[in-house]
Structures are given as structure tokens and as C-alpha cells.
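Undergrad: Before we start, here is the structure in question, set down as C-alpha cells.
The values are calculated or read from the model by the stated rules, or taken from the named source; none is laboratory data. As the structure is a prediction and not an experimental result, all values here were calculated from the model. All Cβ positions, glycine included, derive from the backbone under ideal geometry; neighbour counts span all protein chains shown.
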Amino acid sequence: MKNIYLQALVLTILIFLSGVMFGIWLDNYRLSSIRQTLLAESIFWDDTLFLTRYSKFYTKDLCNKSLELNLLYNQKIYEKGREIEEIIKRNIFTPEIKEELKRYTLMQAEFWLNSIELRKSCNLTFHTVVHLQEIFPKSIEAISDNKAQANIMLSLKEKCGNKIMLIPLNADLNLTSIDAILYEYNIKKLPAVIIDEKYVFEGLTSFATLNEIVQC
């Protein structure tokens, strides 16, 4: 009888350890996937950034090409960002994934600055719409507000298309640059939205309120 209990205990331990090892392997695979995604997008971004800055010497064709690449990058990085955030929400083993999220957030912040520069240099009329959110909300209300605001922003992008550059920034990662943005715009509550570096909305903000500004 003791042998049966011992065998059952050993089997239980082996199953548990197998689950742990599989979890570690899965999270490492996810981390590798995130790194590959960000590397590919960073190369594409460097190409876009160079063209935008080169376009200061400009022809109209270069402005159009820069805008085209900026819009393409905006769509690609936004979709990849949603995938990365979903992976991170499921992660329990590798804190390195959080560091990759910081890298992604900084890429988005740089994209915001590039969009401002492009709009000014080429006299374009698109809106920059910055969505500041918590990737690790700490309360049920915060979870609900963040999810609702994300859906509103997605609906706004679907309606406005190329008329807006939607830029999600994760504001709870202890990044000095993002904290500086919160300070500059005196943002005390998340989620928050900044439109065209002029209009600031704190807390859950309706689709109608945002659309009144961008008028899509």
C-alpha cells in the first residue's frame, strides 16, 4: 500500500514539474517571438524615420511617401502591440517580457514625435491621438476603464482611418520619458487621451467626446 502512495506522489511531482518546465519553455518562446517582432519593426521604423528627416529638404513626393510609410508603421505596430500586451497579460515566469514591453512603448513614443515632425514639415492635417493606459491595472474599476477605453480607441481608429495616428503608450512601466509626458500634461488619472498635443482628457472618455475633436 505504501508503494502505491509513493508511486502516486512521485507521479504527481513529475506532472507538476513537467507543467512548470512547459510554462517556462512557453514563456521563453513568447519572449523570443516578441523580440523578433520588435526587431523587425524597429528596422522598418528606422527606415521610416530617416525618410521623414530627409524629407526636410523636400519634394511633395517625399512627403507623400513619408506619410504612407508612417501610416503603414502605425497600423503594423499598433496590431503587434495588442498581441504583445495579450502575451504579457498571460505571462507569469519571465519578467524579461516586461522589459520588451518598455522597448515597444518607447518605440511608440518616438513614433509620436516623428508624426509631429512630419505633420509640421509637410504641412499635413492628420491628428495625433495618444492613448495613455495602464498595462497592469490594480483595481477592478481600472481594469474595466482600461478595457473600455481601448475599445473606444479602436472604434475611433476604424472610423477615422488615415485621418488619425493612434499612439498607445503604457504609462505604468516606470519609464522616465513617459512620466515626463504625464507631468507635462498634468495627467493624474488613467486612462487618458491627448489629441494634437492640445486637448487632454483624463479617465474614461467617450467616443463622441473624442470624435468631436477629430471630426471624422
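Undergrad: Just to be sure, is Ile167 within 25 Å of Leu62 (Cβ to Cβ) and either outside any helix (DSSP H, G or I) or β-branched (Val, Ile, Thr) (or both)?
TA: Spelling it out, Ile167 is indeed within 25 Å of Leu62 (Cβ to Cβ) and either outside any helix (DSSP H, G or I) or β-branched (Val, Ile, Thr) (or both).
Undergrad: Output the number of the condition that Leu124 fails; it satisfies all remaining conditions of (1) touching a residue at least 24 places away in the same chain (Cβ under 8 Å); (2) out of contact with any Phe, Trp or Tyr (no Cβ under 8 Å at 6 or more places or on another chain); (3) in a helix (DSSP H, G or I).
TA: (3)
Undergrad: So, of the residues in segment 173-216 that are more than 19 Å from Asn162 (Cα to Cα) and among the aromatic types (Phe, Trp, Tyr), which turns out to be surrounded by the most Cβ atoms within 10 Å (Cβ to Cβ)?
TA: Filtering segment 173-216 for residues that are more than 19 Å from Asn162 (Cα to Cα) and among the aromatic types (Phe, Trp, Tyr), the one surrounded by the most Cβ atoms within 10 Å (Cβ to Cβ) comes out as Phe201.
Undergrad: Does Glu158 meet the test of being under 18 Å from the mean Cα position of the chain (by Cα) and in the same structural domain as Tyr78 (by TED's automatic domain parsing)?
TA: Against the criterion (under 18 Å from the mean Cα position of the chain (by Cα) and in the same structural domain as Tyr78 (by TED's automatic domain parsing)), Glu158 does not qualify.
Undergrad: Looking at Lys159 and the list (1) closer than 24 Å to Ile116 by Cβ; (2) touching a residue at least 24 places away in the same chain (Cβ under 8 Å); (3) out of contact with any Leu (no Cβ under 8 Å at 6 or more places or on another chain); (4) part of a loop (DSSP other than H, G, I, E, B), which single condition is not satisfied?
TA: (4)
Undergrad: Is it true that Met153 is aliphatic (A, V, I, L, M), touching a helix residue (DSSP H, G or I) at 6+ places or on another chain (Cβ under 9 Å), over 18 Å from Glu212 (Cα atoms) and part of a helix (DSSP H, G or I)?
TA: no
Undergrad: Scan segment 126-136 and give yes if some residue there is in contact with a helix residue (DSSP H, G or I) (Cβ under 8 Å, 6 or more places away or on another chain), of a type in the set (Phe, Trp, Tyr) and modelled with pLDDT under 95, otherwise no.
TA: Yes, segment 126-136 contains a residue that is in contact with a helix residue (DSSP H, G or I) (Cβ under 8 Å, 6 or more places away or on another chain), of a type in the set (Phe, Trp, Tyr) and modelled with pLDDT under 95.
Undergrad: Is there a residue in segment 119-135 that is more than 22 Å from Gln75 (Cβ to Cβ) and hydrophobic (A, V, I, L, M, F, W, C)?
TA: The answer is no; no qualifying residue exists.
Undergrad: Shifting gears a bit: Looking only at residues that are among the hydroxyl-bearing types (Ser, Thr, Tyr) and surrounded by fewer than 18 Cβ atoms within 10 Å (Cβ to Cβ) in segment 120-136, which one is nearest to the chain's Cα centre (by Cα)?
TA: In this case the residue turns out to be Thr125.
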